[in-house]
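This report concerns only the one structure given below.
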Amino acid sequence: MSENTLEQQDEQRHRIESTISHLFAPEDAGLHGALQAAKDAGLPEIQINPIQGKLLQVFATACQAHKILEIGSLAGYSGIWLARALPADGHLITLEINPQHAEVVRSSFANAGVGDKTEVRVGNALELLPTLTAEAPFDLIFIDADKASYPQYLEWAIKLSRTGSIIIADNCVRNGIAFQPTADMDADTAGLVKYNQLTREDPRLTTIVLANDNDYTDGLNVAVVKAN
Ligand SMILES: C[S@@+](CC[C@H](N)C(=O)[O-])C[C@H]1O[C@@H](n2cnc3c(N)ncnc32)[C@H](O)[C@@H]1O
């Protein structure tokens with residue numbers, strides 16, 4: 001029997017991933033609407049994928065999240081996944097620096113039926129985070145904004161957490177460059193490398209990186225707060 005070519009293996013992997021996505025993480029009209037609104041507004045297509053969205057919901061459910069904080073909203077796609085994991089009296093705050101993005105997010109949240117339990121705060125997350133202490137602790141914090149600031153976002157995420165909170169950050173693999181410090185790395189890569197190092201070494205956290213695919217193109221860093 002002849003061995004599968006690389007192309008056939010790729011096709012098979014893609015088929016299995018699509019099946020998992022279709023079976024376990026189907027997108028409804030609200031999520032499709034957020035993607036279409038992003039396209040119509042000319043926003044970049046850099047949102048998480050459906051399997052990651054479902055994974056966020058699984059983690060939110062695991063820590064019985066009532067309060068969720070997101071850093072980096074874009075068009076509200078990940079925010080909708082997260083908000084849907086909340087109970088009726090739950091609340092999601094999402095921070096977004098770009099006012100145009102924030103407008104799209106608000107309307108996508110309303111279209112998806114999660115307008116009542118969500119709030120978009122506009123500004124630089126590094127300036128907004130210190131204003132959130134009275135609303136802490138957050139049960140789950142999702143970090144997905146500028147990569148250079150990830151180490152500072154981690155510091156705030158821990159401050160705004162409780163024991164058992166889950167801190168998740170996107171783009172923490174990037175074909176392996178997020179683990180390899182080099183003399184000439186750019187600020188984004190330096191932020192990711194430092195983030196992975198800090199979450200690995202901080203005794204208050206237990207952390208793993210989950211790749212999105214077998215090629216390790218990218219993935220999520222998932223840290224649980226052990227003690228706070
Ligand atoms: C990768 S996108 C977020 C994608 C979104 N989480 C999703 O998956 O649907 C990053 C977002 O972070 C925002 N952003 C970048 N720097 C920021 C900052 N300093 N403070 C707040 N938001 C920021 C960008 O404007 C952009 O909308």
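Laboratory data are not the source of any read-out in this text; all were calculated from the coordinates shown. Fair warning: this is a prediction, and the values are worked out from it, not measured in the lab. Here the Cβ positions follow ideal geometry from the backbone for every residue, glycine too, while neighbour counts run over all protein chains shown.
Pairs of Cα atoms nearer than 8 Å and 6+ residues apart set the relative contact order; for the chain it is 16 percent. Using a cut-off of 24 Å between Cα atoms, the listed pairs 67/226; 39/194; 117/194; 54/159; 117/226 include 39/194; 117/194; 54/159; 117/226 as exceeding that distance. What you get for the chain, charging only the Cβ of Lys and Arg (+1) and of Asp and Glu (-1), is a dipole of about 780 debye around the Cα centre. Using only helices, what value at 222 nm comes out for the chain when you add -39,500 (n - 2.57) per DSSP H run of length 4 or more and divide by the total residues, to the nearest 500 deg cm²/dmol? Helices in the chain give a 222 nm mean residue ellipticity of -12500 deg cm²/dmol. The calculated FRET efficiency for the pair residue 13 and residue 180, based on their C-beta separation and a Förster distance of 22 Å, comes to about 0.30. For the chain, the alpha-carbon coordinates run over 65, 43, 33 Å along the three principal axes, in decreasing order. Between the amide H of residue 140 and those of 67, 69, 166, distances stay under 5 Å, these residues lying 5 or more places away or on another chain, with hydrogens modeled in the peptide plane. With each label modelled as a point 7 angstrom along the Cα→C-beta vector, the residue 116-residue 146 pair spans 3.7 nm.
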